[in-house]
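The values are calculated or read from the model by the stated rules, or taken from the named source; none is laboratory data. Worth saying up front: this structure is predicted, and the values here are computed from it rather than measured. FYI the Cβ positions are ideal-geometry reconstructions off the backbone, even for glycines, and counts take in every protein chain you see. All accessible areas refer to the heavy atoms of the entire protein, side chains included, with ligands and DNA or RNA removed. Shrake-Rupley method; radii C 1.70, N 1.55, O 1.52, S 1.80 Å.
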Amino acid sequence: MDFYYLPGSAPCRAVQMTAAAVGVELNLKLTNLMAGEHMKPEFLKLNPQHCIPTLVDNGFSLWESRAIIAYLVEKYGKDDKLYPKDPQKRAVVNQRLYFDQGTLYQRFADYFYPQVFAKQAPVPDNEKKMLDALDFLNTFLKDSKYVAGDELTIADLSILATVSTFDVAKVDLSKYPNVASWYERLRKEAPGADINEAGCKEFAKYFEK
């Protein structure tokens, strides 16, 4: 299946780790946003929202990383451990995914991306909101081994991609001990962890500038 992506992108890395977890090989299609490749007519036919990651599986096109990772597990997973079918367990996984998309990753982007891509001054209130999100995650991990319980799920893979991006930006994770210990463990044991690490090195180039 075709996968339109950028290696530094946290959402793209989440999909790549999930594909590794279920044993699916992705046909990688590097998509240069700066060159406008996502605005070409052929890409717009696949995804009128013209964003990455975008997955095309035998003619079926899907975007938004958290939708993609759920699809990959539901279609190709050998069991439901990564995305439990039990309604309550799945609800917790979904909550963590929505938290990642709407709070954790979003607040990272709100604080850092204007600085990195538009050379704007940091906004202290946005930094506080971002760190508050890390504090929420620290609480989620207080009584469980993984972010949605005691089994690794797609919520861990999505949030690992996000937290590793915090790490690239040199956010001090040691202030959030539950997050820090989970992160050190996951960056070794998560499927596709090496892919995530390689993508982080690509993303780091933006911060070096």
Over segment 2-76, with neighbouring protein chains present, the accessible area per residue in Å² at probe 1.4 Å is 47
With contacts defined as alpha carbon pairs under 8 Å and 6 or more residues apart, what's the relative contact order of segment 87-205 in percent? 25
Note: segment 2-76 at 37 °C, 0.692 mPa s; Kirkwood Rh on alpha carbon pairs; Stokes-Einstein D in µm²/s works out to 268
Kirkwood-based Rg to Rh ratio, the chain, C-alpha trace: 0.95
Greater than 32 Å separation of Cα atoms is the criterion. Which listed pairs, LYS128/LYS201; LYS89/LYS188; LYS129/LYS188; LYS29/LYS145, meet it? LYS29/LYS145
Overall Cα dimensions of segment 67-119, principal axis frame, Å, largest first: 46, 22, 12
Over segment 81-209, average the accessible area per residue using a 1.4 Å probe and give it in Å², no decimals. 52
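In the chain, what percent of the accessible surface is made up of carbon and sulfur (1.4 Å probe, ligands and nucleic acids excluded)?
Of the solvent-accessible surface of the chain, carbon and sulfur hold 53 percent.
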State to the nearest 20 debye the size of the charge dipole of the chain about its Cα centre, where the only charges are +1 on K and R beta carbons and -1 on D and E beta carbons. 180
Computed P(r) (all Cα pairs; segment 87-143; 10 Å bins; percent): 24, 42, 24, 9, 1
Two-decimal Rg to Rh for segment 87-205 - Kirkwood Rh, Cα set: 0.96
